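Below: the structure, in structure tokens.
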Amino acid sequence: MKTNAFAFVPGNQSLSRKQFVVLARKITGLEEAMNIRRERELKVVTKVKKRPPLRRGRVSPRLPVPDHIPRPPYVGSDILPEIASEHQIHDSEGIAKMRAACELAARVLNFAGTLVRPSVTTNEIDKAVHQMIIDSGAYPSPLGYGGFPKSVCTSVNECMCHGIPDSRQLQNGDIINIDVTVYLDGYHGDTSKTFYCGDVSDELKNLVKVTEECLEKGIAVCKDGALFRKIGKRISEHAEKYGYGVVERFVGHGVGTVFHSEPIIIHHRNDKAGCMVEGQTFTIEPILSMGSIDSITWPDNWTTLTADGSPAAQFEHTILITRTGAEILTKC
């Protein structure tokens with residue numbers, strides 16, 4: 001809502017503009033955030049060299065998975081699973097399995113990043129990631145999840161998330177988020193990172209840098225007994241310092257034997273109730289935009305872009321809540 005900066009002095013209808021009285025009023029945190037968003041969206045993004053909008057390339061058939069590799073229960077159905085209501089809290093055996101799945105996801109993601117260069121297609125990245133996952137005896141969790149046709153998500157430039165790998169070649173100056181999840185020994189490990197392709201502008205590098213810092217700051221508030229809403233508050237505070245918007249539509253989630261469960265992790269300011277519990281695992285995965293935080297989704301029902309074509313970046317880790325903090329499981 002808009003705040004009035006000026007008001008007439010009562011009893012006089014012919015006052016000149018110079019006689020307006022400036023009303024000082026404290027602006028709440030919510031109003032301040034709304035003002036920052038409005039100012040950002042009023043500014044046309046001219047600092048970043050205008051690129052042709054993303055166009056869908058050719059999507060190749062799904063890749064096969066050997067029969068001996070266990071599948072998650074949703075494979076075989078194109079119906080998007082509901083978010084499970086149970087929080088995923090693990091005993092020592094479960095924590096060990098989560099560490100193994102997450103460590104593999106981290107290694108796969110690092111490998112995927114080495115493939116990013118101009119002229120490489122996102123389909124080629126998907127194929128290489130798929131092979132590494134099945135060679136490790138794991139299943140690529142996105143494959144067949146709600147009908148998703150590929151083994152990894154590749155989101156380029158203005159694509160916020162859930163990009164489907166296809167025949168489009170990466171261009172010099174692109175940024176690309178690669179989102180890897182593996183299902184190993186009954187547990188999912190989930191992580192993502194935004195990579196540079198060739199020579200990237202300083203403006204895009206700053207967006208990527210600040211997005212990663214937002215993830216780090218969100219993780220830093222996590223520990224047994226901490227409020228979930230502190231994550232969104234800390235992320236929003238840091239993003240706003242640089243004029244970036246935090247996308248509200250997409251959230252983090254519980255992860256473990258189930259791909260997506262409670263708690264839902266909101267990355268912007270919120271009043272979500274609830275506290276973290278030792279032994280619990282979930283993801284934090286903020287998306288920052290240089291412009292609008294609103295989105296549009298392609299007819300494939302997955303690929304989601306910023307509404308105004310502004311670049312976006314994302315980082316994600318799976319974390320384990322401990323008594324004194326949080327262990328990042330998706331590191332290697």
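The values are calculated or read from the model by the stated rules, or taken from the named source; none is laboratory data. No experiment lies behind these values; they were computed from the predicted model shown. Note: ideal-geometry Cβ built from the backbone for every residue, glycine included; neighbour counts use all protein chains shown. Protein only, heavy atoms only, side chains kept; ligands, DNA and RNA dropped before computing areas. Shrake-Rupley method; radii C 1.70, N 1.55, O 1.52, S 1.80 Å.
Overview of results
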item	result
In the range 235-252, the residues that are within 19 Å of Thr283 (Cα to Cα), part of a strand (DSSP E or B) and open to solvent by less than 10 Å² (accessible area, probe 1.4 Å)	Gly252
Flag for Ser155 being within 19 Å of Gly57 (Cβ to Cβ), hydroxyl-bearing (Ser, Thr, Tyr) and assigned to a loop (DSSP other than H, G, I, E, B)	no
Glu327 being in contact with a strand residue (DSSP E or B) (Cβ under 7 Å, 6 or more places away or on another chain), charged (D, E, K, R) and crowded, with 21+ Cβ neighbours inside 10 Å	no
Failed condition for Phe228, given (1) more than 24 Å from Ile296 (Cα to Cα); (2) in contact with a Gly (Cβ under 8 Å, 6 or more places away or on another chain); (3) surrounded by fewer than 16 Cβ atoms within 10 Å (Cβ to Cβ)	(3)
All positions within the range 170-185 that are more than 17 Å from Val129 (Cα to Cα), touching a Gly at 6+ places or on another chain (Cβ under 9 Å) and either part of a strand (DSSP E or B) or open to solvent by 10 Å² or more (accessible area, probe 1.4 Å) (or both)	Gln171, Asn172, Asp185
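Here is a yes/no grid of residues against (1) open to solvent by 30 Å² or more (accessible area, probe 1.4 Å); (2) basic (Lys, Arg); (3) touching a Lys or Arg at 6+ places or on another chain (Cβ under 9 Å):
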{"site": "Gly94", "(1), (2), (3)": "no, no, no"}
{"site": "Met98", "(1), (2), (3)": "no, no, no"}
{"site": "Gly113", "(1), (2), (3)": "no, no, yes"}
{"site": "Thr122", "(1), (2), (3)": "no, no, yes"}
{"site": "Met132", "(1), (2), (3)": "yes, no, yes"}
{"site": "Pro142", "(1), (2), (3)": "no, no, yes"}
{"site": "Gly147", "(1), (2), (3)": "no, no, no"}
{"site": "Asp166", "(1), (2), (3)": "no, no, yes"}
